[in-house]
Each structure stands twice: as C-alpha cells, then as structure tokens.
Amino acid sequence: MRYISTRGTAPALSFEEAMLSGLARDGGLYVPETIPTLDPATIAAMEGQSYEQIAYTVMRPFVGDTFSDEEFRACIDRAYAGFGHAARAPMVQLDQGHFLLELFHGPTLAFKDFAMQLIGQLFQTALARRGDRVTIVGATSGDTGSAAIEAFRGLDNVDVFILYPHGRVSEVQRRQMTTPTESNVHALALDGDFDDCQAALKDMFNDFEFRDGVGLAGVNSINWARVLAQVVYYFSSAVALGAPGRKVSFTVPTGNFGDIFAGYIAKRIGLPIDKLVVATNQNDILHRCLSGQGYHKGETIPSISPSMDIQVSSNFERALFDAYDRDGAAVAQLMDELKAGGFDVSQGAMQTLQDTYASGRVSEDETSAQITQTLNTTAELLCPHSAVGVKVAEDQRVKGTPMITLATAHPAKFPDAVKAATGIHPPLPPRMADLYERAERLTRVPNDLGALMAHIKENRSK
Ligand SMILES: *Cc1c(COP(=O)(O)O)cnc(C)c1O
C-alpha cells in the first residue's frame with residue numbers, strides 16, 4: 001500500500017512514513033494510491049460486531065506491512081478502552097428516519113478522540129520499533145490540542161507541545177490541556193490569536209535544521225492516519241441501520257473537511273452512501289464553493305461553533321485531487337491561486353464534487369433555535385456544532401433514506417452557547433467532573449519564533 005501526494009511531485013511513501021511525516025515535501029497531502037474495497041458480504045458481516053472489530057476490518061488493508069495483525073489489533077483495543085461508552089459511537093433517534101451519531105464519548109468529549117487516540121498508539125508502536133523519538137508540535141483553537149495531549153500523555157517516545165492562543169479557548173478546553181500531570185506534556189499559551197499559532201507552527205516545519213534536530217512531527221487533521229480512523233464510524237452506524245442492504249445518508253458539521261472526507265472514503269470502500277452533506281456555520285466558504293461560486297477566502301467571523309470557523313479548509317485539497325482526476329499539477333496551480341485569494345473550479349470537477357457532496361449553511365440564530373428545538377422535541381442537548389448539522393440534515397433529508405447526523409462534541413464542552421439557547425448549563429460526565437478542581441500547568445510564551453523554538457529544544461526529554 002503506497003501513498004502519493006495531491007501535488008504530484010513528492011515521493012510515494014508507506015503508511016508508516018506518511019503517518020510520521022504528515023505533510024508531503026511538495027506541500028501536498030498524502031492519499032492512498034488506490035482505495036481497497038470491501039465486498040457487500042464482508043460489510044454485512046459487521047452487523048453485531050464490536051466497534052473494535054469493525055475498525056480492524058475497515059482499516060487493515062490501508063496499513064500494509066507497517067504493523068502486524070496482532071500489533072494493529074492491540075493498538076485499536078488500547079485506543080478505545082478509555083472511552084466513556086461501551087458502544088464507542090452510539091446512535092440515538094431524533095425523528096423518523098433521522099439519527100444522531102454521538103462521537104463525543106472519548107476522553108476530551110469531541111470526535112477528534114477517535115483518530116487521535118489511535119494515532120497515539122500507532123506512533124508509540126512504530127517509534128519503539130525504530131528506537132526513535134519525535135517531538136509533536138500542534139497549533140489548536142481548542143479541540144485538536146486537548147485530544148492530542150490526551151492521546152500522547154505519558155508515552156515514552158513522544159514529547160507533545162501544544163500552542164493555543166492565550167485567553168481565547170474555552171475554560172473546559174484549556175483545563176483539558178493544562179491539567180495532565182505527565183512530564184512529556186507541554187501546554188504553551190501564546191500571546192496572539194489562532195492564526196499566529198498556526199503561522200509559528202508552519203515556520204517551525206520550514207526551518208529544516210530545527211525540524212530535523214528535534215524530530216518534529218505533525219498530527220493535525222491533514223495526517224492521513226487521522227482521516228482513516230474516522231472512516232470506521234461511518235461503517236458501524238450505517239450497518240446498524242441496514243447497510244449494505246439499504247442506502248443511508250450522512251450530514252457532517254464541517255471545518256477542515258477531514259471528517260466528511262472520511263465519509264467519502266467509506267463510500268469508495270463500498271459502503272452504500274446516498275448523500276454526503278457538508279454543514280457549515282456562517283463561515284460558509286465550502287457551501288459557497290459547492291454551490292458553484294468558486295473557492296474565495298473571506299474574513300473569519302467568530303461563531304458559537306468555533307471549531308468550524310475556517311477559511312482555508314485543508315483537507316478539501318484531497319477532494320479536489322479526485323475531482324481533477326488526480327492531476328497533481330492542476331491541484332498545485334489551484335493552491336497557488338488560493339494564496340492570492342481564491343480560485344474557480346472547472347466545470348468537470350464541479351460536476352464530480354456535486355455528484356458526491358451536498359451542502360448547507362446555518363446562521364447563528366438558526367443554530368441556537370435548533371439547540372432549543374431538539375431539546376424540546378427529543379430531550380437531547382446538542383453542542384452548537386452538532387446543531388448546525390441537525391438543521392442542515394432536516395432541510396436535506398428525503399423520505400425512505402435514513403439520515404445520520406454526526407454529533408461532533410459533547411454539549412458540556414461549549415456550555416455558554418448551550419446555556420444561552422436553553423437556560424441549561426450542561427454538566428460534565430461524572431468521570432471528569434473534577435476537571436475544575438485539578439491544578440493547571442502551562443507556560444506563557446511570546447509570539448516570537450526564536451524564543452519558541454529555544455523553549456521547545458530545552459524542554460523536550462532528551
Ligand atoms: C474539528 C471539529 C469539527 C470540524 O471537523 P473537520 O474534520 O475539521 O471538518 C466540527 N465540530 C467539532 C466539535 C470539532 O472539534
């Protein structure tokens with residue numbers, strides 16, 4: 001199994017190399033050279049299996065010889081053992097034909113735990129075998145950083161440094177990053193905003209002396225292994241509703257396009273998916289693009305669903321690569337145009353995208369109203385991201401095809417928006433109810449690349 005870059009010039013890599021390096025050297029993203037398929041009988045046999053068993057069947061062909069069968073099985077088992085729900089990704093019914101897939105029972109209460117917990121185990125296994133160690137540096141607006149710290153805390157071969165904008169993450173998000181006690185965890189509060197954090201990270205990756213010196217590795221959502229881990233719950237949920245004998249549709253609250261792209265991979269593997277619906281908040285660049293208006297950057301407007309506040313949706317490059325018949329030069333050209341503000345999509349590629357993805361946009365008022373309405377009609381408390389999904393799904397679902405909306409975070413992770421909509425302050429699950437009492441540990445850092453790199457060099461384990 002080989003992985004190739006969406007920009008066509010970086011060398012093809014194994015799963016292990018693609019996972020450990022993250023971004024391709026030509027600036028592109030790694031995708032599988034071919035997509036292995038599963039036949040309907042294999043998919044049908046998933047009915048009644050555990051989440052871990054389904055995960056193994058779906059992901060095994062993509063991993064190649066990077067891990068033995070036993071190693072890979074053990075990584076999966078360890079990854080999901082700490083989840084707060086026996087089913088890992090349970091579903092509840094919202095209405096006739098409309099189901100909510102709860103992806104927030106992991107340790108940091110957002111769907112990012114599904115991928116991050118697994119790649120923590122995969123990194124550890126691969127690095128131990130190589131006798132190698134890496135320094136993971138990540139930038140976060142909240143959810144990715146907490147999920148990464150939770151996944152890598154206490155692992156022997158990894159230091160994890162997370163840059164978050166000081167004073168601009170929710171209290172729950174901050175405490176999830178600052179309360180782990182393991183010495184390989186470093187929460188860095190940067191004096192700046194999220195864009196400053198991302199820019200600093202990018203500059204570190206482009207400083208090859210630093211990059212090689214500390215063994216820099218990235219775990220943001222462009223890492224292929226993260227996309228792969230997210231393919232699994234499309235299978236577990238669809239099979240529970242009658243697939244492959246019956247088609248299902250999905251609606252996905254979308255920011256960086258990683259989660260919905262995993263749905264597209266599920267379809268390519270052989271899951272009969274009817275519609276894949278992209279749900280955006282007021283930062284609707286993807287909805288505008290999929291409506292045929294081109295991909296043109298605007299200002300990011302802060303919203304009550306902050307994990308979807310985005311203008312450059314990095315995994316969309318993978319969708320473009322397939323829509324342009326895997327023409328790396330064409331994708332590289334579009335990405336150049338994007339630096340200057342945006343690009344238009346060719347007619348043929350637009351047709352391909354629209355055959356695969358539908359889309360919808362939800363305003364701030366509609367998001368709040370959906371939280372209230374769902375509480376009143378089902379007693380389910382939605383986080384604002386999930387509410388964006390449920391609203392778009394309600395507008396798009398058709399009779400006869402079950403619609404599954406992905407609930408991407410627990411309401412307690414975004415208590416202010418939930419309280420404003422419903423008057424209810426959502427409680428944390430009992431297993432983390434003492435989060436507000438735990439001691440915090442963080443380092444304030446200036447928005448200065450030199451100082452930042454010096455801090456990382458000095459504080460990583462040698
Ligand atoms: C990251 C995130 C999203 C967006 O997911 P993408 O894979 O970036 O599209 C949506 N909701 C929540 C709660 C998230 O943390």
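The values are calculated or read from the model by the stated rules, or taken from the named source; none is laboratory data. The shown structure was predicted, so the numbers you read here are calculated from the model rather than taken from an experiment. We place every Cβ from the backbone using ideal geometry, glycine too, and count neighbours over all the protein chains shown. Accessible surface is based on the protein model in full, side chains and every heavy atom, while ligands, DNA and RNA are left aside. Shrake-Rupley method; radii C 1.70, N 1.55, O 1.52, S 1.80 Å.
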remark   = Of (1) open to solvent by 50 Å² or more (accessible area, probe 1.4 Å); (2) assigned to a helix (DSSP H, G or I), Ser183 satisfies every one except (2)
request  = Among residues belonging to region 308-351 that are basic (Lys, Arg) and more than 16 Å from the ligand (Cβ to nearest atom), point out the one that is least open to solvent (accessible area, probe 1.4 Å).
outcome  = Arg326
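State yes or no: is Thr352 in a loop (DSSP other than H, G, I, E, B) and polar (S, T, N, Q)?
no
Residues checked against (1) within 26 Å of Ile404 (Cβ to Cβ); (2) at pLDDT below 90; (3) among the basic types (Lys, Arg); (4) within 16 Å of the ligand (Cβ to nearest atom):
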{"residue": "His98", "(1), (2), (3), (4)": "yes, no, no, no"}
{"residue": "Thr108", "(1), (2), (3), (4)": "yes, no, no, yes"}
{"residue": "Phe111", "(1), (2), (3), (4)": "yes, no, no, yes"}
{"residue": "Ala128", "(1), (2), (3), (4)": "no, no, no, no"}
{"residue": "Gly131", "(1), (2), (3), (4)": "no, no, no, no"}
{"residue": "Val134", "(1), (2), (3), (4)": "no, no, no, no"}
{"residue": "Ile149", "(1), (2), (3), (4)": "no, no, no, yes"}
{"residue": "His166", "(1), (2), (3), (4)": "no, no, no, no"}
{"residue": "Thr181", "(1), (2), (3), (4)": "no, no, no, no"}
request  = For region 292-307, indicate whether the set of residues that are at pLDDT 95 or above, more than 10 Å from the ligand (Cβ to nearest atom) and charged (D, E, K, R) is non-empty.
outcome  = no
message = Given (1) in contact with a Pro (Cβ under 9 Å, 6 or more places away or on another chain); (2) within 16 Å of the ligand (Cβ to nearest atom), identify the lone condition not met by Ile285.
response = (1)
message = Which condition from (1) modelled with pLDDT under 90; (2) touching a Leu at 6+ places or on another chain (Cβ under 9 Å) is the one that Asp195 breaks?
response = (2)
query = Are there any pairs, at least 6 apart or on different chains, whose C-beta atoms fall under 7 Å, with the first in region 135-148 and within 17 Å of Ser21 (Cβ to Cβ) and the second within 9 Å of the ligand (Cβ to nearest atom), and if so, which?
reply = Gly138/Thr144
request  = Kindly provide the set of residues from region 236-255 that are out of contact with any strand residue (DSSP E or B) (no Cβ under 8 Å at 6 or more places or on another chain) and assigned to a helix (DSSP H, G or I), ordered by number.
outcome  = Ser236, Val239
query = Pairs, please: C-beta under 9 Å, at least 6 apart or cross-chain, first residue touching a residue at least 60 places away in the same chain (Cβ under 8 Å) and in region 331-356, second outside any helix (DSSP H, G or I) and of a type in the set (S, T, N, Q)?
reply = Val331/Thr6; Ala332/Thr6; Ala332/Thr9; Met335/Thr6
ask   = For region 186-231, what are the residues that are among the charged types (D, E, K, R) and not in a loop (DSSP other than H, G, I, E, B)?
value = Asp195, Asp196, Lys202, Asp203, Glu209, Arg211, Asp212, Arg226
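Return the residues of region 14-39 that are aliphatic (A, V, I, L, M), at pLDDT below 95 and in contact with a Leu (Cβ under 9 Å, 6 or more places away or on another chain); say none if nothing qualifies.
Of the residues in region 14-39, the ones aliphatic (A, V, I, L, M) are 18-20, 23-24, 29, 31, 35, 38.
Now drop any that are not at pLDDT below 95, which leaves 18-20, 23-24, 29.
Met19, Leu20, Leu23, Ala24, Leu29, listed by residue number.
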key: Enumeration of residues in region 156-171 that are crowded, with 22+ Cβ neighbours inside 10 Å and outside any strand (DSSP E or B)   = Val169
message = Can you tell me which condition Thr125 does not meet? The list is (1) open to solvent by 20 Å² or more (accessible area, probe 1.4 Å); (2) β-branched (Val, Ile, Thr); (3) over 23 Å from Glu16 (Cβ atoms), and all the others hold.
response = (3)
task = Would you confirm whether any residue within region 241-256 is on the phi < 0 side of the Ramachandran plot and modelled with pLDDT under 95?
result = yes
query = Residues of region 427-452 being surrounded by 14 or more Cβ atoms within 10 Å (Cβ to Cβ), among the hydrophobic types (A, V, I, L, M, F, W, C) and over 25 Å from the mean Cα position of the chain (by Cα), which ones?
reply = Val445, Leu449, Leu452
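Being more than 16 Å from the ligand (Cβ to nearest atom), of a type outside the set (Ser, Thr, Tyr) and open to solvent by less than 10 Å² (accessible area, probe 1.4 Å): is that true of Phe210 here?
So Phe210 passes the test.
Looking at Thr422, Thr401, Thr405, Thr356, which is the one that is of a type in the set (Ser, Thr, Tyr), at pLDDT 95 or above and surrounded by 24 or more Cβ atoms within 10 Å (Cβ to Cβ)?
Working: Thr422 fails: surrounded by 24 or more Cβ atoms within 10 Å (Cβ to Cβ); Thr401 fails: surrounded by 24 or more Cβ atoms within 10 Å (Cβ to Cβ); Thr356 fails: surrounded by 24 or more Cβ atoms within 10 Å (Cβ to Cβ).
After applying the criteria, what remains is Thr405.
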query = Can you name every residue in region 1-43 that is touching a Gly at 6+ places or on another chain (Cβ under 9 Å), outside any strand (DSSP E or B), open to solvent by less than 20 Å² (accessible area, probe 1.4 Å) and in contact (Cβ under 8 Å) with a residue 40 or more places away in the chain?
reply = Thr6, Phe15, Gly22, Gly28, Ile43
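Conditions tested, residue by residue: (1) in contact with a Pro (Cβ under 6 Å, 6 or more places away or on another chain); (2) aliphatic (A, V, I, L, M); (3) in contact (Cβ under 8 Å) with a residue 24 or more places away in the chain; (4) within 20 Å of Val169 (Cβ to Cβ).
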site: Val277; (1), (2), (3), (4): no, yes, yes, no
site: Thr280; (1), (2), (3), (4): no, no, yes, no
site: Gly292; (1), (2), (3), (4): no, no, yes, no
site: Tyr295; (1), (2), (3), (4): no, no, yes, no
site: Pro302; (1), (2), (3), (4): no, no, no, yes
site: Ser307; (1), (2), (3), (4): no, no, yes, yes
site: Ile310; (1), (2), (3), (4): no, yes, yes, yes
site: Glu317; (1), (2), (3), (4): no, no, yes, no
site: Leu320; (1), (2), (3), (4): no, yes, yes, no
note = When region 75-92 is checked residue by residue, the ones that are surrounded by fewer than 20 Cβ atoms within 10 Å (Cβ to Cβ) and in contact (Cβ under 8 Å) with a residue 24 or more places away in the chain are Asp77, Arg78, Gly82, Phe83, Gly84, Ala87, Met91, Val92
task = Considering each of Phe257, Phe235, Phe261 in turn, give the residue that is buried (at least 24 other Cβ atoms within 10 Å of the Cβ) and over 22 Å from Val345 (Cα atoms).
result = Phe235
